[in-house]
Amino acid sequence: MAVEMENKELEELYQLAIDELEGSGESLIIWAGGDAVNQQDALAKAFLKKFPRIRLDIYVELSKIHDVRIYKELLNGDLTPDITMLQTSNDFEDWKKMEVLEPFRPVGFSQVRNEFKDDEGYFSAFKMFAFLPQYAKLGIDQPPKNLEDLLTEQYQGKLISTYPHDDDAVLYVYDQMIKQRGERFISDLARLKPYLLRGTAVPPLLVGRNGFLGCLTGYETLPEQPSISYIPEEDFFISWAQRMAMFKQTKHKAAAKLFLAFIQSKEFQQSLGKYTVRKDIDLGGETWIGNHPNTNPVGFYAFMRDRKHINDLRKLMESHFGPVKGISPVKNHKMIKMTYGWPYF
């Protein structure tokens, strides 16, 4: 019955979105946080397959770039994105207080886990994300079981990772490792002289290539990659639900509601498997990513609220690893080619 209600809602919203957009030459505009231009290609493909008469424009940029632009445009009264989906979870709480969000609770909203959504529907969640450590399939003595195991001499000069002071989700992992292992974890890592890049998409793609043997924070690997990701036995790993919302200034509200309803639908969330934000998805025997004992899916939200602590941590990381260098990963041509399968960096 619930799926039938979702389908009926989607059909009605689709017609309203067609009436709103068709013939206008305009598109539904999504600003999505990310560090690779193709990170939302699968989402766009799924949406357009189901709703081919809707023009969709998803623009991926670092969340900390998107949110500043949104604040400026809200102030000027001329907002570009209809929906935003960002890692900077604290923004959504601030925007609710500022009364600039448009609440919407589609049918699927009721099945989104309570800890990830605003009760009144001012924001909800898109999907789960997680950063896992990984190691090369060839060239290591023994597969690591924890993050600590990557801090041995065989990884000297052979670790690649993201600047922790350039990405708050990565910074949160280091924050938790300091609490778990002490600040020596950071100094031990720094002594190994890891190769640091901006963005989280490319470093894990290079493990098993170019002499790199490990990465502390990457996405779950695919079988064809020359590396293997793993859930640590004891050490912390980050998992969180990426928030999303529409605004009172949203120009295409019918299309925006269609998009939000589709993302929270059982049909789409089923495709996410263990990275779903819904509580009624059949995982086929897999463990939901947030159910592992050494992660905390809502801990990142609390971390993001404490801006002073984050700024202090950034200074600490810079003292160990130096200043962040390089252009944005969504503008770095080498990185863009890597995310599309080019094997050389």
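Remark: spin-label model distance R209-A44 equals 2.2 nm, labels positioned 7 Å along the Cα→Cβ axis. The string of couplings for the range 237-249 from the Karplus curve (6.51, -1.76, 1.60, θ = phi - 60°) is 9, 8, 9, 7, 9, 6, 7, 8, 6, 10, 10, 4, 7 Hz, one whole number per residue in order, with x for Gly and Pro. When only the Cβ of Lys, Arg, Asp and Glu is charged (+1, +1, -1, -1), the dipole of the chain relative to its Cα centre reaches about 800 debye.
Against the chain, whose longest principal axis is taken from its Cα atoms, helix 2-21 shows a tilt of about 70°.
With the helix formula -39500 (n - 2.57) applied to DSSP H stretches of n ≥ 4, the chain reaches a computed 222 nm mean residue ellipticity of -11000 deg cm²/dmol.
Using square roots of five times the C-alpha gyration tensor eigenvalues, list the equivalent-ellipsoid semi-axes of the range 1-130 in whole Å, biggest first. If you can, show how the numbers build up before the last one.
Details: eigenvalues 106, 77, 52 Å².
After scaling each eigenvalue by five and taking roots: 23, 20, 16 Å.
A straight chain from K248 to N294 at 0.36 nm per residue would run longer than the Cα-Cα distance by 12.7 nm. Positive-end ranking of M128, H309, V112 along the dipole of the chain, with charges on Cβ about the Cα centre, is headed by H309.
In order along the range 297-313, the phi-based Karplus estimate (6.51 cos²θ - 1.76 cosθ + 1.60, θ = phi - 60°) of 3J(HN,Hα) comes to x, 10, x, 5, 4, 5, 4, 5, 6, 8, 5, 5, 4, 4, 5, 5, 5 Hz; Gly and Pro are listed as x. For F321, neighbours were defined as the other residues whose beta-carbon sits under 13 Å from its Cβ, and their charges (Lys and Arg +1, Asp and Glu -1) total +2. Computed over the range 195-345, the P(r) curve from all C-alpha pair distances, binned at 5 Å from the origin, holds 1, 7, 11, 14, 17, 19, 16, 10, 4, 1, 0 percent per bin. A straight chain from I18 to I65 at 0.36 nm per residue would run longer than the Cα-Cα distance by 13.8 nm. The simple spin-label model puts a point 7 Å past each Cα toward its Cβ; for F109 and Q180 those points are separated by 3.6 nm. Basic side chains Lys and Arg get +1 at the Cβ, acidic Asp and Glu get -1 at the Cβ, and with that the dipole of the range 215-314 about its Cα centre reaches some 1040 debye. Helix 168-181 and the long axis of the chain differ in direction by around 40°, with both axes built from C-alpha atoms.
List, in the order given, every pair from K64/K145; K45/K257; K50/K117; K308/K331; K64/K315 whose Cα-Cα distance in the structure shown is over 27 Å. Over 27 Å Cα-Cα: K64/K145; K308/K331.
Within the range 194-229, what residues put their amide N at less than 20 Å from the label point 7 Å along the Cα-to-Cβ vector of K337? Correct set: 196-212, 226.
Cross-link partners of K158 among lysines, defined as those whose alpha carbon lies under 16 angstrom from its own and excluding same-chain residues fewer than eight positions apart: K137, K193. Only one of the values [x] 62, 58, 48; [y] 164, 45, 31; [z] 62, 45, 36 was calculated from this structure for Cα extents along the principal axes in Å; name its label. Comparing each candidate, only [z] matches the computed number. The length gained by stretching the chain between T287 and Q154 to full extension, at 0.36 nm per residue less their Cα-Cα distance, is 44.7 nm. Between the helical axis of 41-50 and the longest alpha-carbon principal axis of the chain there is an angle of about 20 degrees.
Each value in this text was obtained by applying a stated rule to the coordinates, not by laboratory testing. Just so it is clear, the structure is predicted and the values come from calculations on it, not from any experiment. Neighbour counts run over all protein chains shown; Cβ positions are idealised from the backbone, glycine included.
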